[in-house]
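Bear in mind that the values in this text are calculations on the coordinates, not laboratory data. These numbers were taken from a predicted model, which means no experiment stands behind them. Backbone-built Cβ (ideal geometry, glycine too); neighbour counts: all protein chains shown.
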Amino acid sequence: MADLLVFVVIALVLAALWYLADAQLRSAVKNFLLQRRLKPKLTQQHKLNLPSFFKDRQAQSVEQLIRAVDVSEQSIDLFLDLASLLRSQGDLAQALKLHEHLLQHHGGLPLALGQKVRFELACDYWGAGLLGRAESELQALLDCANLSVHVRKQALKALLDIKQEFSEWLQAIDLADQLTTAKFSAEPDSWRRMQAQFCCELAEQARAQADMGELRLRLSQALRFDPDCARAHLIEAEQHLADGDTKSTLIALEQLVARRSDLALLCLPYFQHCYQDDQQALLDKLLQLQSKQSSLIFLLAASGLMFELGEKKAQAQLWREAMVQLKALTPWRAMLEIVLNEGRAELPRFLQSFAAALNTEAQWHCSHCGAHSVQMQWRCPACHHWDSYEASC
Ligand SMILES: [Zn+2]
């Protein structure tokens, strides 16, 4: 009998605690909805209050919220805001649970809201690394009739991200085609510049498979999307070099460095290869490029070659002129002047070690996020921007 009494008391206490937890949640939600009616936009204060209630008990609270509040036009923003907060806090499982619940119970809601929920659900899958499911959701969304322009654009962008992740470049080209507003313009927009990069990816695949027809097709396609695509011009120059066509290689390389002087670092080995049997001709070409582009890379290469050819006076004169022309040398100018004027005996050796020191600094950085790398990247591994790497020197 005593055991039965203890059991009944425990059951009553648990029920009371359960009710209190629900009542607390109901009160928080009621206040939140009331504040939203007064101020329809979610204020920073709301954003701060609601998560503090859910802190440390998110799974239980989401479950209670789903039971306590019906999905309606009045409550949908609460659910969406909360799911977005949970996602920003890294709790993708609970964000997913909320969005899946909304998708199952959005029957009476306006069509646009259902589409928004489906898009958010796809973002949860994407964030959780479930790319296949995210892709299916986005594809289903894009197949919807009467899809709002805004959600369609968001879905296309997200699907494009997934296609790039899977290296599905042909589909990526099609998706970017639906996003560009400059399809027939002389000036490409960012989507067309991306399409050119996708074509370059396909061109490099074709080159790896020795499929020269496909390589040429993808290169011409890349240059149609973006006539200034440096990567396509570089692949073209490399292909001329592989075909043994030195004249066309040099023309392509010179056009490339005229467009992007920072790519001198990538082009230099090809110039050196073209003139491998004639060092004096290489030096003349490097000096010509240096005077046109004011590039530190061509200066260093020309200086090194002069050292090898024993042209020490010309080497010192080259540096004197470069000190005036090149901004990159400004921090070194005072020291260089002393050595050029005083240290005559050791001058050639000093210039060599100075050039070597500058060369070790030569590396690449992303102009978008600032990431650094010793190698050129056509797509930044940190921020995933295309063609944002520049030579740091
Ligand atoms: Zn970056």
Region 76-133, relative contact order in percent, only Cα pairs under 8 angstrom and at least six apart counted: 31
Proximal charge balance of residue 239 [Cβ under 15 Å; K/R count +1, D/E count -1]: -2
Cross-link pairs 285/313; 247/312; 97/163 - those with Cα-Cα distance over 21 Å: 247/312; 97/163
Region 204-278 versus region 114-136: alpha-carbon centroid distance in Å: 40
Built amide H within the under 5 Å cut-off of residue 388, gap 5+: 380
Linear extension gain, residue 174 paired with residue 330, 0.36 nm per residue minus alpha-carbon span: 51.4 nm
Per-residue HN-Hα couplings for region 184-200 [Karplus 6.51, -1.76, 1.60; θ = phi - 60°; Hz; x = Gly/Pro]: 10, 7, 5, 9, x, 9, 4, 5, 5, 5, 5, 4, 4, 5, 4, 5, 5
Under Karplus coefficients 6.51, -1.76 and 1.60, residue-wise ³J(HN,Hα) of region 139-153 in Hz, glycine/proline x: 5, 4, 5, 5, 7, 5, 6, 6, 6, 5, 4, 5, 5, 4, 5
Residue-wise HN-Hα coupling along region 81-94, computed from phi with Karplus coefficients 6.51, -1.76, 1.60 (Hz; x: Gly, Pro): 4, 5, 4, 5, 5, 4, 5, 5, 8, x, 8, 5, 4, 6
